[in-house]
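Have a look at this one.
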Amino acid sequence: MRPALRLRTPNPHLGAYFGITASAFISLSILLALLEQVGWREATLGPALIVLPVIFYLAVAARTRTMETEDYFASGRRVPSVYNGFMLAATTIGGIGYFAYTGTAFFLGVDAFAIGIGLTFGMLLFTVLFSPYLRKAGAFTVPSFLGFRFGSKILRVASAAALIIPVVFLLAAEIKIAGLVASMFVPIPYSIAVLFVAAIVCGVVILGGMRALTWTGGAQFIVGAIAFAVPLVIVSVLVTVLPAPQLTYGSTLNALETSEINAGFKPGPAEGLAEALPGNTAEAVPKPFLEAFGALSPPAFVMLFLCVAMGAACLPSLLMRTGSSLTVSGQRWAGAWAVLFVAVFAISVPPLAVFAKALMFQDLAQLRPDLLPEWMTALIDKQLMFARDMNASGGLQANEVLLSRDGILLAFPIAAKLPIVCTVIVAAGGIAMAFAAAGSHLYSLGASVSEDIYRLFDREAAALFDLDVPRLPRHTAVWAVSGIFALGTAIYLAIGDIDLMRAALSAFALLAATFFPVLLLSIWWRRYTELGALASLSVGGIIMLVELLVRGFFSSIDLSTGTMAISVLATLLAIGAGVGVSLWDREPSPATTAYFDGLRDPEGEALYDAARHRAAAAAAAAAH
């Protein structure tokens with residue numbers, strides 16, 4: 001008999017709460033815009049629009065604090081689809097997509113679309129291949145799912161260890177960009193800003209786990225979406241008269257092409273990813289926007305797309321959110337909403353890059369280096385741009401203007417001569433998206449390491465040595481691990497550095513080679529065995545670790561087309577290893593086969609919840 005599904009009722013006022021959030025942020029922005037007109041300057045506007053939303057996020061986290069296991073680890077399994085889609089999209093885009101991808105599209109033009117298309121297709125793969133089945137499994141972490149799927153503690157520990165490096169890369173990148181942008185508008189040093197960011201993110205995780213992340217992340221997604229749209233729509237109206245930049249920016253491409261020719265842009269030879277990808281330091285824009293494969297060669301474009309798509313599809317920080325949906329069907333709809341939101345972002349980046357490039361490079365050759373316009377001086381003061389007449393021609397050429405990749409989005413409203421408050425709005429939105437993604441990554445690390453490594457070893461040690469020692473409560477273990485990762489990441493960023501885009505792409509390459517094959521075969525092949533899963537995880541992980549070590553893992557993250565190609569090759573080899581070892585191994589046990597069959601049934605209770613209820617019923621019966 002199929003177990004009945006427990007009724008979980010979502011809060012009926014969620015729509016009103018998020019509507020109030022959007023209205024409050026818009027109202028605050030309008031108020032500060034009015035105050036700017038009466039004399040307020042950036043020194044006052046910046047802290048107000050950066051700090052007040054952060055205080056609001058902390059208030060939401062405090063209001064949603066919980067110690068209930070199901071609430072802390074799965075948000076009570078009652079998050080409506082659209083709001084779960086908010087958080088899925090915010091985690092996928094994050095501050096990396098908000099700032100680094102936008103800047104990469106400005107530099108590489110259409111060649112950068114491999115990243116945007118890859119993120120969108122990755123969310124589609126996530127929705128179709130993985131998320132409904134993980135929701136039916138109901139495990140709190142991805143390693144726990146793999147452990148339950150095969151009844152294997154070894155696989156559970158190995159997969160938890162395998163996700164640490166890529167998720168730490170993403171966590172460090174998100175904390176860095178939030179701290180960097182905050183230090184530009186709030187009078188605190190960057191090293192202190194990253195410590196504050198890490199503390200705030202860790203505080204949200206500690207207060208309410210998945211529940212607090214869900215509702216603060218929903219608010220942060222709304223703030224980020226509004227902040228991204230404000231300057232883009234305003235400039236679209238000014239340039240094309242219509243507030244639909246995704247549909248109208250094509251009319252500006254001819255003018256952009258003319259500006260690029262006058263500024264001295266020349267088609268260049270296609271290169272590998274290492275040479276083409278802009279870095280942390282200010283650089284000259286290398287190519288015209290519409291020149292296809294002018295920076296990336298066709299093989300590099302395809303490899304980049306595949307790595308981003310497969311890495312995003314199996315990102316643990318996304319997969320862990322599947323358990324918070326009401327039902328399997330609800331999780332499918334949540335994925336569909338996330339695909340829509342990520343796709344809208346992906347098609348909004350090109351018009352922003354086109355408008356920004358047209359504004360910055362129009363009439364560039366006529367500018368005198370000693371009489372730069374006010375907007376260019378403002379960008380130079382913020383260290384977002386450097387301009388120098390290196391050939392003493394009396395004018396400026398494209399190769400004499402250096403721009404910061406991660407500052408393009410902030411430079412956009414300044415170049416458009418919009419009020420200062422528009423730039424601060426963009427900063428607040430980017431920080432909000434970085435907070436949302438960083439919280440998901442930190443929680444993913446804390447929950448996986450505590451649940452799938454610490455708790456397993458703790459039980460084994462107690463049984464082996466016959467010890468009766470108090471163990472850390474489940475929530476406390478997550479707090480401790482999250483605090484360690486947050487503090488360690490902040491200290492590293494305060495004394496070291498990391499490149500946002502290279503860190504993210506390296507993380508996606510690692511995830512594609514390790515988790516994509518294991519999850520694909522675990523969910524879609526009944527004959528897959530524990531040894532096959534260990535073979536897949538080991539082959540993909542070892543190949544990528546060797547690749548990173550050879551390229552100087554301990555000194556820098558050196559990314560190239562070869563890294564992407566090796567990741568795709570490692571994915572294929574890992575799938576082949578899993579299939580070969582599983583066919584060589586003995587047939588899966590009846591319990592393993594029954595678990596697999598249970599994943600295919602979209603109705604009824606989550607498998608994890610049903611097992612807990614059976615155990616509780618058996619314990620109650622034994623007590624009587």
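The values are calculated or read from the model by the stated rules, or taken from the named source; none is laboratory data. Keep in mind it's a predicted model, so treat the numbers as computed, not measured. Neighbour counts are summed over all protein chains in view; Cβ atoms, including those assigned to glycine, are modelled from backbone coordinates with ideal geometry. These accessible areas exclude ligands, DNA and RNA; they are computed on the full protein's heavy atoms, side chains included. Shrake-Rupley method; radii C 1.70, N 1.55, O 1.52, S 1.80 Å.
I'd like the full set of residues that are over 18 Å from F515 (Cβ atoms) and out of contact with any Lys or Arg (no Cβ under 7 Å at 6 or more places or on another chain), limited to the range 306-335. Before you say what the answer is, go through the steps one by one.
Keep residues of the range 306-335 that are over 18 Å from F515 (Cβ atoms), which gives 324-334.
Hits for the range 306-335 are T327, S329, G330, R332, W333, A334.
Among residues belonging to the range 387-413 that are hydrophobic (A, V, I, L, M, F, W, C) and more than 19 Å from S259 (Cα to Cα), point out the one that is modelled with the lowest pLDDT. Spell out how you get there, then give the answer.
Of all residues in the range 387-413, those hydrophobic (A, V, I, L, M, F, W, C) come to 387, 390, 392, 396, 398, 401-403, 408-412.
The next check asks that each one be more than 19 Å from S259 (Cα to Cα); those that pass are 390, 392, 409-410.
On the way: M390: 74, A392: 67, L409: 94, L410: 94.
My answer is A392.
So L505 passes all but one of these: (1) under 24 Å from the mean Cα position of the chain (by Cα); (2) open to solvent by 10 Å² or more (accessible area, probe 1.4 Å). Which condition number does it fail?
Exception for L505: condition (2).
Scan the range 592-601 and tell me whether some residue there is among the acidic types (D, E), surrounded by 15 or more Cβ atoms within 10 Å (Cβ to Cβ) and within 32 Å of the chain's Cα centre (by Cα). Before the answer, list the steps.
Within the range 592-601, the subset among the acidic types (D, E) is 597, 601.
If we keep only those that are surrounded by 15 or more Cβ atoms within 10 Å (Cβ to Cβ) as well, we get none.
There is no residue in the range 592-601 that is among the acidic types (D, E), surrounded by 15 or more Cβ atoms within 10 Å (Cβ to Cβ) and within 32 Å of the chain's Cα centre (by Cα).
Mind checking which residues of the range 602-620 are surrounded by fewer than 14 Cβ atoms within 10 Å (Cβ to Cβ) and not charged (D, E, K, R)? Explain how you work it out, then say what you get.
Taking the range 602-620 as the starting set, the residues that turn out to be surrounded by fewer than 14 Cβ atoms within 10 Å (Cβ to Cβ) are 603, 613-620.
Correct list: H613, A615, A616, A617, A618, A619, A620.
Further, regarding this structure: For the range 65-84, how many residues meet the condition of being of a type in the set (A, V, I, L, M, F, W, C), assigned to a helix (DSSP H, G or I) and either without any contact (Cβ under 8 Å) to a residue 12 or more places away in the chain or under 16 Å from Y17 (Cβ atoms) (or both)?
Filtering the range 65-84 down to residues of a type in the set (A, V, I, L, M, F, W, C) leaves 67, 73-74, 79, 82.
Keeping just the survivors that are assigned to a helix (DSSP H, G or I) gives 73-74, 82.
Imposing the further condition that a residue be either without any contact (Cβ under 8 Å) to a residue 12 or more places away in the chain or under 16 Å from Y17 (Cβ atoms) (or both) reduces the set to 82.
Residues that pass the stated criteria total 1.
With at pLDDT 95 or above, among the aliphatic types (A, V, I, L, M) and part of a helix (DSSP H, G or I) as the only criterion, which of L549, L519 stands out? Before the answer, list the steps.
Numbers: L549 fails: at pLDDT 95 or above.
Of L549, L519, the one residue that is at pLDDT 95 or above, among the aliphatic types (A, V, I, L, M) and part of a helix (DSSP H, G or I) is L519.
Let me ask something else about it. On the basis of being open to solvent by less than 20 Å² (accessible area, probe 1.4 Å) and either of a type outside the set (A, V, I, L, M, F, W, C) or over 25 Å from the mean Cα position of the chain (by Cα) (or both), does P286 make the cut?
Values: open to solvent by less than 20 Å² (accessible area, probe 1.4 Å): no; either of a type outside the set (A, V, I, L, M, F, W, C) or over 25 Å from the mean Cα position of the chain (by Cα) (or both): yes.
No, not satisfied.
Under 9 Å between Cβ atoms, at least 6 apart or on separate chains: pull out the pairs that start in the range 535-555 with a residue that is more than 14 Å from V568 (Cα to Cα) and end on any residue that is modelled with pLDDT under 90 and of a type in the set (G, A, S).
From residues that are more than 14 Å from V568 (Cα to Cα), the pairs are R551/S560; R551/G562.
Next up: At least 3 residues that are more than 26 Å from V308 (Cβ to Cβ) and open to solvent by 10 Å² or more (accessible area, probe 1.4 Å) in each: list the helices (runs of 4 or more DSSP H) lying fully within the range 128-171 that qualify.
Values: elements: 131-137, 142-150, 153-162.
Answer list for the range 128-171: 153-162.
Tell me which residues, restricted to the range 470-502, are among the charged types (D, E, K, R) and either assigned to a helix (DSSP H, G or I) or open to solvent by less than 10 Å² (accessible area, probe 1.4 Å) (or both).
Just the residues of the range 470-502 that are among the charged types (D, E, K, R), to begin with: 471, 474, 497, 499, 502.
Within the range 470-502, R474, R502 qualify.
Still on this model: Could you identify the single residue in V110, V79, V60 that is over 21 Å from T9 (Cα atoms) and modelled with pLDDT under 95? Steps first, answer last, please.
Numbers: V79 fails: over 21 Å from T9 (Cα atoms); V60 fails: over 21 Å from T9 (Cα atoms).
Of V110, V79, V60, the one residue that is over 21 Å from T9 (Cα atoms) and modelled with pLDDT under 95 is V110.
Within the range 24-64, count every residue that is farther than 22 Å from A193 by Cα and not in a loop (DSSP other than H, G, I, E, B). Give the steps one after another, and end with the answer.
The first filter runs over the range 24-64 and keeps only residues farther than 22 Å from A193 by Cα, leaving 24-40, 63-64.
This time we only want the ones that are not in a loop (DSSP other than H, G, I, E, B), so: 24-37, 63.
Matching residues across the range 24-64 total 15.
Can I ask one more? Within the range 59-89, how many residues turn out to be at negative phi and in contact with a Ser or Thr (Cβ under 8 Å, 6 or more places away or on another chain)? Explain how you work it out, then say what you get.
Taking the range 59-89 first, the residues at negative phi are 59-74, 78-89.
Remaining after also requiring in contact with a Ser or Thr (Cβ under 8 Å, 6 or more places away or on another chain): 60-61, 64, 72, 74, 78-79, 81, 83-84, 87.
Qualifying residue count for the region: 11.
Next up: Which numbered condition trips up F265, out of (1) modelled with pLDDT under 85; (2) within 21 Å of the chain's Cα centre (by Cα)?
Of the numbered conditions (1) modelled with pLDDT under 85; (2) within 21 Å of the chain's Cα centre (by Cα), the odd one out for F265 is (2).
Quick one: count up the residues across the range 178-216 that are more than 21 Å from A61 (Cβ to Cβ) and small (G, A, S). So that I can check it myself, show each step before the final result.
Taking the range 178-216 as the starting set, the residues that turn out to be more than 21 Å from A61 (Cβ to Cβ) are 180, 183-185, 187-192.
Retained after the next criterion (residues that are small (G, A, S)): 183, 191.
Total meeting the criteria: 2.
Related question: Quickly run through the range 183-220 and pick out the residues that are in contact with an Asp or Glu (Cβ under 9 Å, 6 or more places away or on another chain) and not aliphatic (A, V, I, L, M).
F185, G208, G209, R211
Yes or no: the range 302-317 includes at least one residue that is open to solvent by less than 60 Å² (accessible area, probe 1.4 Å), small (G, A, S) and not in a helix (DSSP H, G or I).
no
Does V223 meet the test of being of a type in the set (V, I, T), in contact with a helix residue (DSSP H, G or I) (Cβ under 7 Å, 6 or more places away or on another chain), more than 26 Å from Y454 (Cα to Cα) and modelled with pLDDT of 95 or more?
Numbers: of a type in the set (V, I, T): yes; in contact with a helix residue (DSSP H, G or I) (Cβ under 7 Å, 6 or more places away or on another chain): yes; more than 26 Å from Y454 (Cα to Cα): yes; modelled with pLDDT of 95 or more: yes.
Answer is yes for this residue.
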